[in-house]
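Notes follow once the structure below has been shown.
The values are calculated or read from the model by the stated rules, or taken from the named source; none is laboratory data. Just so you know, these numbers come straight off a predicted model, no measurement behind them. Cβ placement follows ideal geometry from the backbone for every residue including glycine, while neighbour counts extend to all protein chains displayed. For accessibility, only protein heavy atoms count, side chains too; no ligands or nucleic acids. Shrake-Rupley method; radii C 1.70, N 1.55, O 1.52, S 1.80 Å.
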Amino acid sequence: MKEPPRWQFWIDRGGTFTDVVARRPDGAVLTHKLLSENPEQYRDAAIAGIRRLLGLADGAPIPANSIDVIKMGTTVATNALLERKGEPTVLFITRGFRDALRIAYQNRPRIFERHIVLPELLYRKVVEVNERVGADAAVVTPLDEERVRADLEAVYREGYRAVAIVLMHGYRHTIHETRIGAIAREVGFPQVSVSHEISPLMKLVSRGDTTVLDAYLSPILRRYVDQVARELPAGARLQFMRSNGGLTDARSFQGKDSILSGPAGGIVGMARTSQRAGFDTVIGFDMGGTSTDVSHFAGEFERVFDAQVAGVRLRAPMLSIHTVAAGGGSIVRFDGTRLRVGPESAGANPGPACYRRGGPLTVTDCNVLLGKIQPDFFPCVFGPNAVQSLDVQAVNDRFATLTAEVRRATGELPTPEAIAEGCIEITVANMANAIKQISVQRGHDVTQYVLTTFGGAGGQHACRVADALGMSRVFIHPYAGVLSAYGMGLADRTAMRECAIELTLDEAATQQLARALDGIGKLASAELIEQGVAPEHIHLVQRVHLRYAGTDTALLVKLDSLVSMRSQFEQLYRQQYAFLMPGRELVVEAVSVEALAHADSVSESHEPSKPRDAALTPVRTVRMFTGGTWHDTALYRREDTRPADRVRGPAILAEANATTVIEPGWEAQ
């Protein structure tokens, strides 16, 4: 007998807000937004959101078999990395290379700075291993197992419980890494990260950094996963979003896969909802409370295999997302010479000045002062029982103080409104520049794209950002305010595997490519089968990492004929670098396979709207400052609108989880 439908919860636990989208057993979709940190009311925002949507009191047990699945993205590991609060980790590396990860590549991103501040290392201790395997698999120095065991026992007694194992050529010749990993588990280490399992690709430094990061973050992540799982009822499945845009069971969720866990849900939501609306080439613009994430989508997800986050090099598949420190909580201040916005954020606690927690002035406060956020129509997620409105008086007082400070320092006489709008212009410029980096600088004509806007603060700035980029269309989904959470429900289950190859792309290499792809394809499929996915529901996507001989930057193409793969590569290379190298050989650096199990379809159908008897009328006319002057502005509720309604700017569209500002010269349909 078929089981009756149960609740599903899709959750994005962000730095400032936690968004919860729930699908009831009858198919109806509910949303809820609450502060990620609110210790006076709850221990964990995700569980608190589940209880509230189920109608339960805080702390009440959740009934057994009431929930089918929880799909979740979290910034827990990301925050631990940014704040350097991960697990104390010891690095075991080939003798003679103890400082390889510190020395790294000697990059100078700010070439004229004389005082270079290196990022803090994630590992606390290094142990050199007496071993060496050559690039040709010859054992140059046998592994001294007795010494390794003694060293592991010694660091275990010192209190270390996480070990990262990174050996020269270990990505391909794994015998020594495998043995050290086995000894570490025998000694009792609960967290053992081995480089050929974590990042089986070339480059010692980035492979090593990735392995250390995994050892450093996985215990933090596991504790959070266990904390959430303890609160869940029997029968509930728990899945987490990986940085590559796919879901996995909680027990398979690792530190290296978690850095973009929350933002990845937003990219999936942006892509899926845009395609349903008929837009295949879009720029994603996700503005939250702490930061703004921008992304490019032209029919398929863009991924990178090399990235740098918080000073740490990562060699693992991740969605291509560019982040800038500009969000609703970005702090506004005057440094004695000029106005500054960010990169510091007020976060969830204390939050902006208007949140009644004594916080600093922020971008959100600028929009309150300018009338773009109306307190009576703002989704209140703070205060006892979340019923307090925004504190407008605190915003006015803070801006009066800031204005007086600017006047004293400059001798000019700006109004508070001019200062607030100036701060908005700074924020818009930062976000527009971020979009240019992932579009214009990579050969895309951004004026031909649709700006898909989401995040709690995205709609407040969408028109201004589009104007700054010469874009003429903006798409805002009904769940835009919680789209990162909604994307969790639209995401596929995935498993990815990579394998280093290093072969010249020619006919002689095709058989070896096929064998390598078949081997890692079986591993990726097995991971999904182990999670309960039927083999017939698994689809494999095979990709080849190609680069010109003598270069070190690989581009991803789909597996096809030699002619097709060269054509794909040249098209991508010309688009990114504006030239080709005719006659230069192509090298297969690596291959990768993505195993997919497509998500259940989520219906977005609504009951047919009744014909409108009269024109759409605003619920209120408010004052809004934009373009250097005050405007009488119509304010509408989104739930009052129907298909084909048109709203001319200036106007404000208020809804449960977001506010959309329609600037003068724009029209919303």
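Observations on the structure shown:
- Hits in the stretch 1-31 - residues which are free of Cβ contacts under 8 Å to residues at least 40 places away in the same chain and either buried (at least 22 other Cβ atoms within 10 Å of the Cβ) or not in a loop (DSSP other than H, G, I, E, B) (or both): THR18, ALA22, LEU30
- Test: residue in the stretch 479-491 that is hydrophobic (A, V, I, L, M, F, W, C), under 27 Å from THR659 (Cβ atoms) and in a loop (DSSP other than H, G, I, E, B): yes
- The sole residue among GLY269, GLY359, GLY328 that is over 27 Å from GLU663 (Cα atoms), modelled with pLDDT of 85 or more and open to solvent by less than 10 Å² (accessible area, probe 1.4 Å) is GLY359.
- In this entry, ASN79 is excluded by the filter for residues that are among the polar types (S, T, N, Q), at negative phi and part of a loop (DSSP other than H, G, I, E, B).
- Test result for THR211, in contact (Cβ under 8 Å) with a residue 24 or more places away in the chain, touching a Ser or Thr at 6+ places or on another chain (Cβ under 7 Å), open to solvent by 10 Å² or more (accessible area, probe 1.4 Å) and β-branched (Val, Ile, Thr): no
- The stretch 460-489 residues that are over 24 Å from MET624 (Cα atoms), paired with ones that are hydroxyl-bearing (Ser, Thr, Tyr) and open to solvent by 10 Å² or more (accessible area, probe 1.4 Å) (beta carbon under 9 Å, 6 or more apart): TYR479/THR31; VAL482/THR31; ALA485/THR31; ALA485/TYR479; TYR486/THR31; TYR486/TYR479
- Of the residues making up the stretch 277-325, those that are among the hydroxyl-bearing types (Ser, Thr, Tyr) and open to solvent by 10 Å² or more (accessible area, probe 1.4 Å) are THR281, THR290, SER291, SER320, THR323.
- Some residue of the stretch 180-193 being open to solvent by 10 Å² or more (accessible area, probe 1.4 Å), assigned to a loop (DSSP other than H, G, I, E, B) and under 25 Å from ALA491 (Cβ atoms): no
Let's see how each residue does on (1) of a type in the set (Ser, Thr, Tyr); (2) open to solvent by less than 80 Å² (accessible area, probe 1.4 Å):
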position: TYR105; (1), (2): yes, no
position: VAL117; (1), (2): no, no
position: VAL129; (1), (2): no, yes
position: VAL139; (1), (2): no, no
position: GLU158; (1), (2): no, no
position: ALA164; (1), (2): no, yes
position: GLY170; (1), (2): no, yes
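- Given (1) closer than 20 Å to TYR224 by Cβ; (2) in a strand (DSSP E or B); (3) touching an Asp or Glu at 6+ places or on another chain (Cβ under 9 Å); (4) not polar (S, T, N, Q), number of the condition ASP68 does not satisfy: (1)
- Where a residue in the stretch 374-399 is within 17 Å of ASN349 (Cα to Cα) and at pLDDT below 65 and its partner, wherever it lies, is among the charged types (D, E, K, R) and in a helix (DSSP H, G or I), with Cβ under 7 Å and at least six apart: none
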